[in-house]
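First the structure, then my questions, so here it is.
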Amino acid sequence: MKRQLKRSSTDKSILGVCGGIADFFGISSLIVRLIFIVLIPVLSIVYIILGNILEEDRQL
């Protein structure tokens, strides 16, 4: 089964991008969020783009 990068529907603060990235790589979402905070000038643009193009993981 091929894994796909998707926004998280359960582990999200704003749009679920960091939670989805963390789930895809099998790491803590806190680590991903800290990386985004440190690199915010560049990654804010990337975050907005990913938030608009990634599908949401529809788990209940």
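Readers should treat all values here as calculations from the given coordinates under stated rules, not as data from a laboratory. Everything numeric here is computed off the predicted structure, so don't read it as measured data. Ideal geometry is used to build each Cβ from the backbone, glycine not excepted, and the neighbour counts take in all protein chains shown.
Just to be sure I understand, how many residues within segment 24-52 are touching a residue at least 24 places away in the same chain (Cβ under 8 Å) and not aromatic (Phe, Trp, Tyr)?
2
I need a count of the residues in segment 21-59 that are surrounded by fewer than 15 Cβ atoms within 10 Å (Cβ to Cβ) and aromatic (Phe, Trp, Tyr).
Count: 2.
A follow-up question, please. List the pairs whose first member sits in segment 1-20 and is touching a residue at least 40 places away in the same chain (Cβ under 8 Å), whose second member is hydroxyl-bearing (Ser, Thr, Tyr) and in a helix (DSSP H, G or I), and whose Cβ atoms are under 9 Å apart, counting only residues at least 6 apart or on separate chains?
What qualifies is SER8/SER29.
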